[in-house]
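Please treat every number below as a calculation from the coordinates, not as lab data. Here the structure is a predicted model, which is why all the values come from computation and not from measurement. With ideal geometry, Cβ positions are generated from the backbone for all residues, glycine too; neighbour counts draw on all protein chains shown.
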Amino acid sequence: MIIPEGFPGLPSSFEFTTQVVQSTDGEHSLFFNIFKKKGTAPKRGLLIVHGQGEHGGRYQHFPHYLQEEYDLFLAPDLRGHGRSEGIRGHVDSFEEYVDDALLAWNALRSKLGEGGVADWFAHSMGGAVTLLATQESSDLGIRNLMLSSPCLGLTVEVPMVKDIAARILSRVWGSLQMGTGLNSGVMSHDPAVAAAIERDSLHHTKATPKFYLDFVAAMERIRETQLEIPAQTRVLFQLAGDDRVVSTPASERVFDKLAHPDKKKIVYPGLFHEIFNEQNKEQIFRDLLDWLRLGPSVKGRAV
């Protein structure tokens, strides 16, 4: 795993282990990155669901900033990403990602055992996966739900000719890999982050016609659905104010539409897409920690 220059490594009190599990549909072996506090029976866990093209190994700096809150971090590589099996950037149905995320969530809860508490963090495409997952079941038992720049709409509209081509190709060659054209330089203002992405052999910039169409449909479904998240699950949206990848206004509209007694939104002016990899990431983590430690709202709040 490649750590961007200047980023903190795994705390000495933590160990890195891995696990390979079979996907729910039996089609792929999925890779779990696990960061665990040494010598403990973990009771506080965080699931991390990554974005499109990346992988769970990019979140190894999270234990450094959140070690007082969690004993265990589980960051799966969704199918077609990182060390998991599958065509890079392809699914036959977006629900396959949802199944992978729910499988990882259940694995985390199993590792925590009875009396353990679990939170869920997701970034970019992982945010869309996560919101769909919350609609699959009303009893997931998520304590805190945290979304970083969730991809609920794209910043730049895909040209009509490309959209039409994707629809045609999806019928005859839906798994054809094509470049997304995403520039690593628009992920963060920190040049070390872009350099690390370029060196990371597990990172990809591929997307297939079938994935693209299902992803677009999934985002539209989220935007048009009245999402239902249990009142006992606290919700935090942290959004990039200058996102060149996903539409921050689309995320804000979904947040505003969410009828929930305990939700909070923070928008960071001028920041690029990967806010937790930005040059002032310490402040972003500090805001997250402040929210976690504040605990449930008595009267509820919507910011």
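In table form, for the structure just shown:
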item	result
Alpha-carbon centroid distance for the pair the stretch 78-130 / the stretch 179-249, whole angstrom	15 Å
Over the stretch 14-302, relative contact order from alpha-carbon pairs under 8 Å, at least 6 apart, %	18 percent
Intensity falloff of the chain expressed as log10 I(q)/I(0), Debye formula with alpha-carbon point scatterers, at q = 0.15 Å⁻¹	-1.25
Computed magnitude of the charge dipole of the chain (debye, nearest 20; Cβ of K, R +1, Cβ of D, E -1)	380 debye
GluC sites (Glu not before Pro) restricted to the stretch 28-86 and DSSP loop, no more than 11 other C-beta within 10 Å	68
Order of 138, 12, 184, 124 under a 10 Å beta carbon neighbour criterion, fewest first	12, 138, 184, 124
In the chain, lysine pairs with alpha-carbon atoms under 25 angstrom apart (chain gap of 8 or more, or interchain)	17
